[in-house]
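First up is the structure itself, then whatever we jot down about it.
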Amino acid sequence: MDTFTLIVTVGMALLVLWVVALGLFHPRSGADVLHFKPTRSPELEVQNDLDDVEQMIAAQNALRARHGKARRTQAEVEDQVRRHQRELTDYADAYWADQRAMGSGGDAAPLVVYEVPTCSKCARLERLLAERAVEHERIDLRTAQLDAARIGALLAKAGVAPRDALRPNEPGAVALIERDASDEEVLAAIAADLSLLMRPIAERGDRAVVARPAERALDLL
């Protein structure tokens, strides 16, 4: 029997003892309701569990002796079980703290959404983030002032070429595509008229996505 198995077995034995004691001695226990009468006394059950633990420790010590390792006492095993339980609890607490920080912004970079509120796809993304209680900043492209450099940096984070970020149903975008405008010309045109820019776009730190579908924004969380 390896160390991990021994630890788990001891932990289960302690849990069984606690459940048995609760079931037998609680004033409104299930044993009272069902008129349950154990075939063995609680003292005998406890002694049997203790004997099992002692036998497991003895077997483990015999194995350790064959490998030239020092013997371990029951107190040492119980202390190790308690340490292991604390480590698991600490790990779980740290994990969920990180998840809450990511969901609410925490100390990480904030989530920024570039949108037009009347756009159906933008509204879908807003509902998605609201359902998940994700805090974010909203930038309305109808009133925002974004220069060509900032737009270029935003698209670079998303890995999208300026030409591919144009809304194909906009006449101005069609004209740029038909005359095969350069990236610089496209960025300048978008900065002058943000209605040409595909939306919504979600940004967090050094990453961004064109949130079509809206679920793509969840990749940034």
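The values are calculated or read from the model by the stated rules, or taken from the named source; none is laboratory data. Computed from a prediction, not measured in an experiment: that's the story for all the values here. Every residue, glycine as well, gets a Cβ built from its backbone with ideal geometry; the counts of neighbours run over all protein chains shown.
Here's the yes/no breakdown for (1) part of a loop (DSSP other than H, G, I, E, B); (2) under 17 Å from Leu141 (Cα atoms); (3) out of contact with any Lys or Arg (no Cβ under 7 Å at 6 or more places or on another chain); (4) not small (Gly, Ala, Ser):
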| position | (1), (2), (3), (4) |
| --- | --- |
| Ala156 | no, no, yes, no |
| Leu176 | no, no, yes, yes |
| Ala189 | no, yes, yes, no |
| Leu218 | no, no, yes, yes |
Which one of Ala192, Ala173 is more than 24 Å from Ala109 (Cα to Cα), small (Gly, Ala, Ser), in contact with a helix residue (DSSP H, G or I) (Cβ under 6 Å, 6 or more places away or on another chain) and without any contact (Cβ under 8 Å) to a residue 24 or more places away in the chain? Ala173
Taking region 133-143 as the search range and keeping residues that are among the charged types (D, E, K, R) and out of contact with any Gly (no Cβ under 7 Å at 6 or more places or on another chain), which one is farthest from Leu221 (Cα to Cα)? Arg142
Criterion: charged (D, E, K, R) and touching a Cys at 6+ places or on another chain (Cβ under 7 Å) - qualifying residue of Glu135, Glu126, Glu115, Glu131: Glu115
Does region 178-197 include one or more residues that are at pLDDT below 95 and over 23 Å from Asp147 (Cβ atoms)? yes
Only residues in region 125-150 that are assigned by TED's automatic domain parsing to the domain that holds Ala191 count as the first member; pair them with residues that are of a type in the set (Phe, Trp, Tyr), Cβ under 6 angstrom, at least 6 apart or cross-chain, and list the lot. Ile139/Tyr114; Leu141/Tyr114
Within region 33-89, how many residues are at pLDDT below 75 and outside any helix (DSSP H, G or I)? 7
